[in-house]
Amino acid sequence: EADLNYIGSLTLDEDLMDAAGLREYEKIGVLDITNGNRIDTYIISGERGSGKVCINGAAAHLISKDDLVIIVAYCQLNETEAQIHKPKIVHVNSENHVTFLGNEEPVLV
């Protein structure tokens, strides 16, 4: 979705936030695969189980409803932490419900 009338941010289903380990008001990047635009914003919690991924405010001019996006978050690690860090990758279906967690490509069964 895209909502021009909201001040800013990205509204994200709490199930997706939990799966990715994201927190409300955390800074994120949104990478639009459809048109190549990239924005930095922050997350606000959306209704759990809704599949909601909604770009709000001025960013809705850059990212439109039905665009395919990647949401990224970054962290700073020291050398020891970096050696054991396992990034969280969340794969979703067309309704934005989690289908696969992990770093490997999912295998269709």
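The values are calculated or read from the model by the stated rules, or taken from the named source; none is laboratory data. No experiment lies behind these values; they were computed from the predicted model shown. Quick reminder, even Gly has a Cβ in these numbers, built from the backbone with ideal geometry, and neighbours come from all protein chains shown.
Take residue 52 and decide whether it is surrounded by fewer than 16 Cβ atoms within 10 Å (Cβ to Cβ), out of contact with any Pro (no Cβ under 6 Å at 6 or more places or on another chain) and in contact (Cβ under 8 Å) with a residue 40 or more places away in the chain. No; evaluated as a whole, the condition is false for this residue.
Of the listed requirements (1) loosely packed, with under 12 Cβ neighbours inside 10 Å; (2) assigned to a strand (DSSP E or B), residue 95 misses just one: (2).
Evaluate the stretch 61-71: report whether one residue or more is assigned to a helix (DSSP H, G or I), under 17 Å from residue 6 (Cβ atoms) and either of a type in the set (S, T, N, Q) or at pLDDT 90 or above (or both). Yes, that holds for at least one residue.
Here the condition is being more than 15 Å from residue 9 (Cα to Cα) and either touching a residue at least 12 places away in the same chain (Cβ under 8 Å) or in contact with a Leu (Cβ under 6 Å, 6 or more places away or on another chain) (or both); of 91, 61, it holds for 91 alone.
Let's see how each residue does on (1) farther than 18 Å from residue 90 by Cβ; (2) surrounded by fewer than 18 Cβ atoms within 10 Å (Cβ to Cβ); (3) in contact with a strand residue (DSSP E or B) (Cβ under 8 Å, 6 or more places away or on another chain):
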site: 9; (1), (2), (3): yes, no, yes
site: 16; (1), (2), (3): no, no, yes
site: 27; (1), (2), (3): no, yes, yes
site: 31; (1), (2), (3): no, yes, yes
site: 38; (1), (2), (3): yes, yes, yes
site: 47; (1), (2), (3): no, yes, yes
site: 57; (1), (2), (3): yes, yes, yes
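Only one of the listed residues (16, 77) is outside any helix (DSSP H, G or I), of a type outside the set (Gly, Ala, Ser) and within 24 Å of residue 102 (Cβ to Cβ). That residue is 77.
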